[in-house]
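The values are calculated or read from the model by the stated rules, or taken from the named source; none is laboratory data. It should be emphasised that the depicted structure is a prediction, and the values quoted were computed from it without experimental measurement. Cβ atoms come from the backbone with ideal geometry, glycine included; neighbour counts cover every protein chain shown. We work out accessible area using only protein heavy atoms, side chains counted, and drop any ligands, DNA or RNA first. Shrake-Rupley method; radii C 1.70, N 1.55, O 1.52, S 1.80 Å.
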Amino acid sequence: MLTPSRWPRWNISSPPRGAAHHPDATTLSAAASYPAQHGHRRRLLCFLVDAVGQPANHRHVAYRCLAERIAQLMQMEFVGDRDLAGSQPGRSVYVVPHDTIERGTADRWRIHQRHHLFGGVVPHAFVASKAIVHPRISADAAVPAGWNDAFAEQVRPVVLEGFTAFDREGLAAAARRLLQTGPVRLKEALGSGGRLQHVVADHAALREQLDRLDPATLSQGVLVEPQLQSYSTLSVGQVHLAGMRMSYCGVQQNLTLPCGTSAYAGSELFCVRGGMNVLQEARLPQRVRLAITQAWHFHRSAQRHFPGLLISRANYDVIVGTTVNGAPRSGVLEQSWRIGGASGAEIEAVRLLAEDPRRTRAAVRTVECYDDSPPPPGAWVIYRRGAASADPNEPQLKYVQVMDDVIGW
């Protein structure tokens, strides 16, 4: 059965009782004043980048559902899949793009502050990808315009050992260096959900993977880093939504698809009202506290070294595992400054906190199923695919579930 396995147990006390958990509640006291705080009734548009006119795949359908929930939460008019050119002149917008957008696009859409969008704005396209996680192999290695060596150096202590290359020669040199200590993982910078990654154990396998990569893929960046053993992936993030700041940490679940690749299967999040300092004050295991520290160092370093970076939704994957020699390792794998797989749980957590100003924390999980398993009672279903067109390598069901108690790591 291609559903997530048993979730790890946490060790955190329960949130205050009494808050309504039903996802269709419409009276949101904290969010009700948001339109008044930020001007007249606004328009909410979604999928403004590369999605208008595209087939309604599972991601498109799910993100539209999430954008509708954001509009409800913020008491805004939902417009849907439309280009910004169709908006009324002079009328402000709140944008939910399906991808991180570049500064030029943000300027055309009048996005200048965090409360203008759910996602992020970057000065260069590559800044939104995995490419920035690692440094280049040498000072003369090819990199795109806008590359910042100082950022790569500053985040080196909070990421795994590794390199990013933009051509075959640089990637080969980086992989050969890391192969001296064990198997390595090659990751295409634009891959998501665990896809477009390959483990390489020797030089023959490396040559095979190098031959597979075309120049266009290499030009976007390919990462090489050690392959860890017995690892788990934690999520650390923060959302600014409906006038609220919510921070969280959690556990990510993955599974192996019939085609043999790994795929994202959901996240379980522990969410708090406020910033990362509030999250750090919770009774969390040491490895989780370390992951929070590493993720937030990465976040603050990016803001420092990439002028024009604007983030209202940030999610960082942090791997915790061991090397082939048994040494412990922990580090940020990648950043996500756009609506993503965990966003259903993020939005639902904001809703819970907005409904009850006395509430300070919430536990929510999002699940992606690859078989015909039914959703649990009371779950918020954000995507369900018909069996007639089912693809075993794509999710058949996505849902969000509020948990009665914050269950442990």
Taking first residues from region 191-210 that are among the charged types (D, E, K, R) and second residues anywhere that are part of a helix (DSSP H, G or I), the pairs with Cβ under 9 Å that are 6 or more apart or on different chains are D202/L179; R207/A172
Condition set surrounded by 14 or more Cβ atoms within 10 Å (Cβ to Cβ) and among the small types (G, A, S), scope region 126-141, selection farthest from the chain's Cα centre (by Cα): answer is A141
Restricting attention to region 295-308, does a residue exist that is open to solvent by less than 20 Å² (accessible area, probe 1.4 Å), over 19 Å from A265 (Cα atoms) and of a type in the set (D, E, K, R)?
-> no
For helices (runs of 4 or more DSSP H) lying entirely in region 203-281, having 1 or more residues that are open to solvent by 20 Å² or more (accessible area, probe 1.4 Å) and over 30 Å from A141 (Cα atoms) picks out 276-280
Say whether the condition of being touching a residue at least 60 places away in the same chain (Cβ under 8 Å), exposed (fewer than 15 other Cβ atoms within 10 Å of the Cβ) and of a type outside the set (S, T, Y) is met by at least one residue in region 344-363.
-> yes
What number of residues within region 318-341 satisfy the criterion of being at pLDDT 95 or above, more than 18 Å from V95 (Cα to Cα), open to solvent by less than 20 Å² (accessible area, probe 1.4 Å) and not β-branched (V, I, T)?
-> 2
Of the listed residues (G237, G275, G221), the one being more than 23 Å from P183 (Cβ to Cβ) and touching a residue at least 40 places away in the same chain (Cβ under 8 Å) is G237
In this structure, is L290 touching a Ser or Thr at 6+ places or on another chain (Cβ under 6 Å), touching a residue at least 24 places away in the same chain (Cβ under 8 Å) and open to solvent by 10 Å² or more (accessible area, probe 1.4 Å)?
-> yes
The condition of being open to solvent by 10 Å² or more (accessible area, probe 1.4 Å), within 30 Å of S312 (Cα to Cα) and modelled with pLDDT of 95 or more holds, among A150, A173, only for A150
Condition check for L160: in contact with a strand residue (DSSP E or B) (Cβ under 9 Å, 6 or more places away or on another chain), hydrophobic (A, V, I, L, M, F, W, C), at pLDDT 95 or above and open to solvent by 10 Å² or more (accessible area, probe 1.4 Å) = yes
